[in-house]
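The values are calculated or read from the model by the stated rules, or taken from the named source; none is laboratory data. Just so it is clear, the structure is predicted and the values come from calculations on it, not from any experiment. Don't worry about glycine lacking a Cβ; one is built from the backbone with ideal geometry, like all the others, and counts go over all protein chains shown. To get the accessible areas, we keep the full protein, side chains included, count just its heavy atoms, and leave off ligands, DNA and RNA. Shrake-Rupley method; radii C 1.70, N 1.55, O 1.52, S 1.80 Å.
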Amino acid sequence: MRGARSAPERNDVDPGAIRGVLADTFMLDFDEKRGFPFRIAGSRANAIFLKELRGLSFLELWRDADRGEIDSVLHCVADEAQAFLIGAEARPPGLGAVDIEAILLPLRHHGLTHSRVLGGFAVHAAPAWMGLMGAGPITLTSLRALDSSTRQAPAREGATPVGFSLRDPPKRYKHLFVYSGDRPAT
């Protein structure tokens, strides 16, 4: 979808084309001062935390020790137009953890990559408490930058690529657990 651009435009994303995962998706405003608030969030993304995420800070969902790392990842998504896959877990106090994967994808809005971030949460297996109580703070367990080596050349002939630098590069974590995409029936 991105073509020769660093990332697709917001208007390129057709919700109908991703209807199978729409309930898992979210869009963040690139607003560091407000903790990258959710612009929109799907129903299954909301169900993990048992609350409407719209308007809430994405960073506030994470435990204090991981917020700096997640902030750095969000800057890399925008600065480098780099996608990231994050492994995490969350749990209400005293109950079992739920394994979560989060994807963060660069998204341009009116030509700017520092405007929106497209993302999604995927839960490997819904625990018995899900839907009855919200997950506590998310704990970062793994992090992987997704391959961006397939980028195309700049659209205009002779155009100079933007010289991005990786600001506060995120630490690498153990290998991320990746699921086939098959989800148990709920």
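Annotations for the structure displayed:
- Pick from segment 108-135, criterion crowded, with 16+ Cβ neighbours inside 10 Å and out of contact with any Phe, Trp or Tyr (no Cβ under 9 Å at 6 or more places or on another chain), ranking: modelled with the lowest pLDDT: ARG108
- Exactly one residue out of ALA65, ALA23 is modelled with pLDDT under 95, surrounded by fewer than 19 Cβ atoms within 10 Å (Cβ to Cβ) and part of a helix (DSSP H, G or I): that is ALA23.
- Applying the criterion of being modelled with pLDDT under 90 and not in a loop (DSSP other than H, G, I, E, B) to the residues of segment 68-97, the residue that is most open to solvent (accessible area, probe 1.4 Å) is GLU80.
- In segment 136-154, the qualifying residues are those that are more than 18 Å from CYS76 (Cβ to Cβ) and outside any strand (DSSP E or B), and the one that is modelled with the highest pLDDT is PRO137.
- Scan of segment 30-65 for residues that are touching a strand residue (DSSP E or B) at 6+ places or on another chain (Cβ under 6 Å) and of a type in the set (Ser, Thr, Tyr), ordered by number: SER57
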